[in-house]
Amino acid sequence: MIRNKPRSKGAVLVGVLIAFLLGCPAVLAESLSVLEVGRFSAEKVSHVLPARWEPFYFKNIQRHTDYRLMEEDGQVVVKATAHASASGLMRKITINPKEYPIIQWRWKVANLLKHENVYQKEGDDYPARIYIVFEYDSGKLSFSEKVKYEIARMLYGEYPPLATVNYIWSSNAPPGLVVPNPYTDRAIMMVVESGDKNLNIWINEERNIYEDYRNAFKDEPPVISGVAIMTDTDNTAESATAYYGDITFRRERR
C-alpha cells in the first residue's frame, strides 16, 4: 500500500562525513529536470551496495547497520536492519538546491523505538532518516564557528560540511517538529513521519530542501555535497528495520 504525501549523529558525524567526502570523487549533477540520486529500483537483488553509494561508519561504534538490495513489494529497494548498531549509506553528489529544490523519496518502517528522544544524545536514534549534507562556506559562519571549523580542518585535512538537514521518521516526536540535533546545532532534525499509524506502509515523501534550509538556518543554503540514508539504534540498544526506495531531486514545479 502506498500513501502519497505532499509536500540525523550530530557532531559525531562530522569526522565521518569528512573522511567519506575526501575519499570519493565528486559527481556533478547534470542539467536535467530530474536527478536520480538513488535509483535503487534499477538495481539487482544483491549483497553489493547500490551503484555510487558507499557505507560510512562511526568511530568507536563496532556494530554496523546492515544494508542490502532486496525485492520488497515487487520492487528492488534498500533494506536496513539495525541491532544496537549505527552506520549509513551515502552518495557524494553536488546539487544546487536553488536549481533543484524538491527532494522526493519513498520509505517504509517496520517498527518503532521505545527509548528514542529527539532532545537527548542517548535517544538520538531513528528507524529511518534521510541526510542532506551542505558543503562548507566560511561566509556563513561566526568567528567562533570559523575557529572550530579550522580545528576540524587541521584534524581531518578538510573542512566539515557546513550543515545537515535530517528528515526523520520518529517514534514519538510530533510531525512537523524542527529541532537542533542534541550533538550540534549545525544539524537540524525535521520530523516527517511519526508513530505507528503508517508502519509497514510505503510512504511517498516530498520536501522543498531549499525552503527547509532557509527556515531552519535563516540563511541561503550552500550547495549540497551529499545525500545519505541511515537506520541507527546504537544509543537506545534497540532493533529497527526500514526500507528505502528511490531518491530523486527535481526542479520546482511551475
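The values are calculated or read from the model by the stated rules, or taken from the named source; none is laboratory data. Note that the structure is a prediction, hence the values are computed from the model and not measured. So basically every Cβ, Gly included, is an ideal-geometry build from the backbone, and we count neighbours across all protein chains shown.
Quick notes on this structure:
- Meets criteria (in a strand (DSSP E or B) and at pLDDT 90 or above) for Ala51: no
- Filter result for Ala228 (within 16 Å of the chain's Cα centre (by Cα) and either closer than 19 Å to Phe58 by Cβ or crowded, with 23+ Cβ neighbours inside 10 Å (or both)): yes
- Tally, over region 182-195, of residues that are buried (at least 16 other Cβ atoms within 10 Å of the Cβ) and modelled with pLDDT under 90: 4
- Checking each residue in region 71-83 for being out of contact with any Phe, Trp or Tyr (no Cβ under 7 Å at 6 or more places or on another chain) and surrounded by fewer than 16 Cβ atoms within 10 Å (Cβ to Cβ) picks out Glu71, Gly74, Gln75, His83.
- Across region 196-210, the qualifying residues are those that are of a type outside the set (Phe, Trp, Tyr) and outside any strand (DSSP E or B), and the one among them that is surrounded by the most Cβ atoms within 10 Å (Cβ to Cβ) is Ile209.
- Residue match in region 57-66 (condition: within 24 Å of Phe134 (Cβ to Cβ), part of a strand (DSSP E or B), of a type in the set (D, E, K, R) and at pLDDT 95 or above): no
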